[in-house]
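Following: one structure in structure tokens, then a few remarks.
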Amino acid sequence: MVFARSERPRLPTAIKILIAGGFGAGKTTMVGAVSETRPLRTEEVLTDRGIGVDDLTSVEAKRTTTVAMDFGRITLGNDYVLYLFGTPGQERFWFVWDELAEGSLGAVILADTRRLADCFPSVDYFERRGTPFVVAVNCFEGSPTFELDEVRLALQLNPSVPIIMCDARKKDSSREVLIALVKHSARLRAEPVGS
């Protein structure tokens, strides 16, 4: 079948997004919760070889870690397909970040208020690259709660960087974070984005 130029089906725009943050912040969980396909995970079991290397403070129950990336996909309306790349959170695996970041529209930085300082490397990385990002405060049960302005102040964020509360386990919450990133990035690029 041959379509006239105006009759051709419009393909959605493919957008690459990074999900970053500290060790145990919920990156793998977010990719898995929101992906419409079975996510690709490169997790390995934490072993005693990580003693003295991996800081498990406040995440003592964590049994696995991402060693390369997580990958998932979500479609937003008929216009966008988001390809999600979850970055490894441990410093010894940060060398893959440059490859993952290449060609990305922006990043979600997941913040865990139990380990808020773990966000600094992600914030610094994306600020240096000039990559648009939002901070999503992942609400863990029993974790300290802070006002978003307190988180902004603690992370020394520019007032233009959106901060959002989220539950990375929940699809709708994670989806809202991704939409906020796409809109933020579009504003920075002065491109119109549908709702």
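Numbers below:
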| quantity | calculated |
| --- | --- |
| Complete set of residues in region 166-192 that are in a loop (DSSP other than H, G, I, E, B), under 15 Å from G106 (Cα atoms) and either hydrophobic (A, V, I, L, M, F, W, C) or at pLDDT 95 or above (or both) | A190 |
| Top-ranked residue of region 55-100 - restricted to ones that are surrounded by fewer than 19 Cβ atoms within 10 Å (Cβ to Cβ) and assigned to a helix (DSSP H, G or I), ranked as modelled with the lowest pLDDT | R92 |
| Residue under evaluation E43, criteria (1) among the acidic types (D, E); (2) surrounded by 12 or more Cβ atoms within 10 Å (Cβ to Cβ); (3) modelled with pLDDT of 65 or more, criterion not met | (3) |
| Extreme residue, least open to solvent (accessible area, probe 1.4 Å), among residues of region 1-24 that are part of a loop (DSSP other than H, G, I, E, B) and either of a type in the set (V, I, T) or at pLDDT 85 or above (or both) | G22 |
| From the options V177, V161, residue that is under 25 Å from E36 (Cα atoms) and open to solvent by less than 90 Å² (accessible area, probe 1.4 Å) | V177 |
| Answer from A136, A168, A154 - the residue that is open to solvent by 20 Å² or more (accessible area, probe 1.4 Å) and in contact with a Leu (Cβ under 7 Å, 6 or more places away or on another chain) | A154 |
| All positions within region 120-138 that are part of a helix (DSSP H, G or I) and in contact with an Asp or Glu (Cβ under 8 Å, 6 or more places away or on another chain) | P121 |
| Residues of region 108-119 satisfying the condition of being assigned to a helix (DSSP H, G or I) and of a type in the set (A, V, I, L, M, F, W, C) | L116, A117, C119 |
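The values are calculated or read from the model by the stated rules, or taken from the named source; none is laboratory data. Quick caveat, the model's predicted, so the values are computed rather than measured. All Cβ positions, even for glycine, are placed from backbone atoms using ideal geometry, and neighbour counts span all protein chains on display. Side chains are part of the model used for accessible areas, which takes the heavy atoms of the whole protein and leaves out ligands, DNA and RNA. Shrake-Rupley method; radii C 1.70, N 1.55, O 1.52, S 1.80 Å.
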